[in-house]
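Everything below concerns the one structure shown next.
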Amino acid sequence: MGDTLHITNGNGLLFTAEITIPDIKKCTVNIISKVLQPKRNYSLHLAVAPTKMNDRYEWFLEKATEIGIDNITPVICDHSERKIIKAERFEKILQSAMKQSLNCYLPKLNESVSFKNFINQDFTGDLFIAHCEETDKTSLKQLLQPKRHITILIGPEGDFSVKEIEQALQNKFKPVTLGDTRLRTETAAIVACHSVAFINEL
């Protein structure tokens with residue numbers, strides 16, 4: 001009783017509160033102050049195919065939240081080995097990572113969607129698809145610009161199919177590479193996430 005807590009609603013508000021009735025399951029607090037934390041000057045939407053092993057996707061969710069991300073969409077692709085996600089568990093991981101990193105904005109976890117339905121949406125900002133096919137691609141870091149709305153597609157372990165890549169290009173997604181080595185899905189997603197965060201620190 002009397003201890004101070006810091007609480008967030010996940011939408012940018014940070015509350016300072018004092019415990020008035022302590023309880024392990026449901027305590028009562030008195031709000032002392034509230035502050036709206038500033039948002040980042042960019043937004044990042046990562047559309048990432050579910051990994052075969054759930055723990056790898058969970059690792060991506062945790063680290064991306066710590067680095068900085070706004071929207072996450074699990075995309076079901078032609079080569080996806082996993083097509084069902086554990087949304088409730090994923091939400092808990094996002095909340096935990098948000099609190100651990102002292103962030104007041106909770107990333108939005110969208111419902112899983114087919115690749116075709118995802119790319120046929122109306123997008124704003126810069127659109128990229130990272131794939132491993134031996135075609136003309138540009139380094140993501142060369143194309144990124146600060147203070148932009150960015151959407152990046154990351155494929156499953158078996159990569160996007162040729163058909164999916166063609167569909168993405170037709171829908172104005174730019175083909176990019178994330179480096180000289182072949183990355184796992186979750187690693188590629190983190191590299192993309194960090195690249196966007198880095199360019200916005202300059």
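The values are calculated or read from the model by the stated rules, or taken from the named source; none is laboratory data. Predicted model, so just to flag it, every value in this text is computed and none were measured. All Cβ positions, glycine included, derive from the backbone under ideal geometry; neighbour counts span all protein chains shown. Side chains are part of the model used for accessible areas, which takes the heavy atoms of the whole protein and leaves out ligands, DNA and RNA. Shrake-Rupley method; radii C 1.70, N 1.55, O 1.52, S 1.80 Å.
Within region 71-99, restricting attention to residues that are assigned to a loop (DSSP other than H, G, I, E, B) and among the hydrophobic types (A, V, I, L, M, F, W, C), the residue that is most open to solvent (accessible area, probe 1.4 Å) is ILE84. Taking region 1-51 as the range and being more than 30 Å from ASP126 (Cβ to Cβ), of a type in the set (Ser, Thr, Tyr) and touching a residue at least 12 places away in the same chain (Cβ under 8 Å) as the test, the residues that pass are THR4, THR16, THR20, SER33. For region 139-157, does any single residue satisfy the condition of being touching a Leu at 6+ places or on another chain (Cβ under 8 Å), open to solvent by 20 Å² or more (accessible area, probe 1.4 Å) and within 29 Å of GLY10 (Cα to Cα)? Yes, region 139-157 has at least one match. For region 166-183, the set of residues classified as open to solvent by 10 Å² or more (accessible area, probe 1.4 Å) and within 16 Å of ILE76 (Cα to Cα) consists of GLN167 only. Restricting attention to region 31-48, the residues being part of a strand (DSSP E or B) and surrounded by 10 or more Cβ atoms within 10 Å (Cβ to Cβ) number 11. Taking GLU88 as the residue in question, decide whether it is acidic (Asp, Glu) and more than 21 Å from LEU183 (Cβ to Cβ). The answer is yes for GLU88. Just a yes or no: is a residue in region 100-121 open to solvent by 50 Å² or more (accessible area, probe 1.4 Å), of a type in the set (Ser, Thr, Tyr), under 18 Å from the mean Cα position of the chain (by Cα) and over 30 Å from THR16 (Cα atoms)? Yes, that holds for at least one residue. PHE60 - would you say it is under 28 Å from PHE128 (Cα atoms), open to solvent by less than 60 Å² (accessible area, probe 1.4 Å) and of a type in the set (Phe, Trp, Tyr)? Considered against the rule, which asks whether it is under 28 Å from PHE128 (Cα atoms), open to solvent by less than 60 Å² (accessible area, probe 1.4 Å) and of a type in the set (Phe, Trp, Tyr), PHE60 comes out as yes. Counting only residues that are assigned to a loop (DSSP other than H, G, I, E, B) and touching a residue at least 24 places away in the same chain (Cβ under 8 Å), which one in region 122-135 is surrounded by the most Cβ atoms within 10 Å (Cβ to Cβ)? Checked region 122-135; the qualifying residue surrounded by the most Cβ atoms within 10 Å (Cβ to Cβ) is HIS131.
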